Amino acid sequence: MKKEDNPFSVAEAEESPGFLLWQVTSLWQREIRKALEKYDLTHSQFVLLASTMWLTRQNEPVTQILLSAHSKIDPMTTSTVLRTLQTKGLLERREHATDTRAKTVALTANGEKITRQAIKVVEQFDADFFAPLGSKTSEFNKKLRLLLQQ
């Protein structure tokens, strides 16, 4: 193949930030799935449970829209996942006190218990997974936040 026929703008696939991010994300997701299996939770379910717990501590009504924005999970998927969590008895959805179009979300006692346990497992998993970054973890997080601002 002639050099001008090469469709890649970088010399090697391993130097493509998108490809590297995809590889790391795939590895991380596969392992986080295993870590959450014992709680019968998908990663999206865990994120919405943990986000509900965190947002509840901010002392404002937790709505589906707020959860969607906080987690970066699209609103339709958020609604579907929340319905599943409600069916599992891990959270309750209620009519909002002042906005009839909105639903508020709250963990059940069992939902809070499972979420607390799963958070510990996920935090330990993350610590182990990202350990190779060592003292560069903070800088790595800063760069990820930079990408989230797009």
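The values are calculated or read from the model by the stated rules, or taken from the named source; none is laboratory data. Quick caveat, the model's predicted, so the values are computed rather than measured. For neighbour counting, all protein chains shown are included, and Cβ atoms are generated from backbone atoms with ideal geometry for every residue, glycine included.
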Condition (residue is out of contact with any Gly (no Cβ under 7 Å at 6 or more places or on another chain), free of Cβ contacts under 8 Å to residues at least 40 places away in the same chain and buried (at least 18 other Cβ atoms within 10 Å of the Cβ)) applied to region 30-47: is it met by at least one residue?
yes
Which residue, of LEU55, LEU85, LEU107, is modelled with pLDDT of 95 or more, of a type outside the set (D, E, K, R), touching a His at 6+ places or on another chain (Cβ under 8 Å) and surrounded by 15 or more Cβ atoms within 10 Å (Cβ to Cβ)?
LEU55
Residues being in contact (Cβ under 8 Å) with a residue 12 or more places away in the chain and closer than 21 Å to ASP40 by Cα: count how many of those fall in region 58-87.
10
Among all residue pairs at least 6 apart or on different chains, which show Cβ distances below 8 Å where the first residue, located in region 88-107, is over 11 Å from GLN64 (Cβ atoms) and the second is exposed (fewer than 12 other Cβ atoms within 10 Å of the Cβ) and modelled with pLDDT of 80 or more?
LYS88/ASP40; ALA106/ARG94
Evaluation of ASP126 against (1) assigned to a helix (DSSP H, G or I); (2) farther than 27 Å from PRO17 by Cα (one fails), failing number:
(2)
Which condition from (1) of a type in the set (A, V, I, L, M); (2) under 27 Å from PRO17 (Cβ atoms); (3) within 18 Å of the chain's Cα centre (by Cα); (4) assigned to a helix (DSSP H, G or I) is the one that ILE119 breaks?
(2)
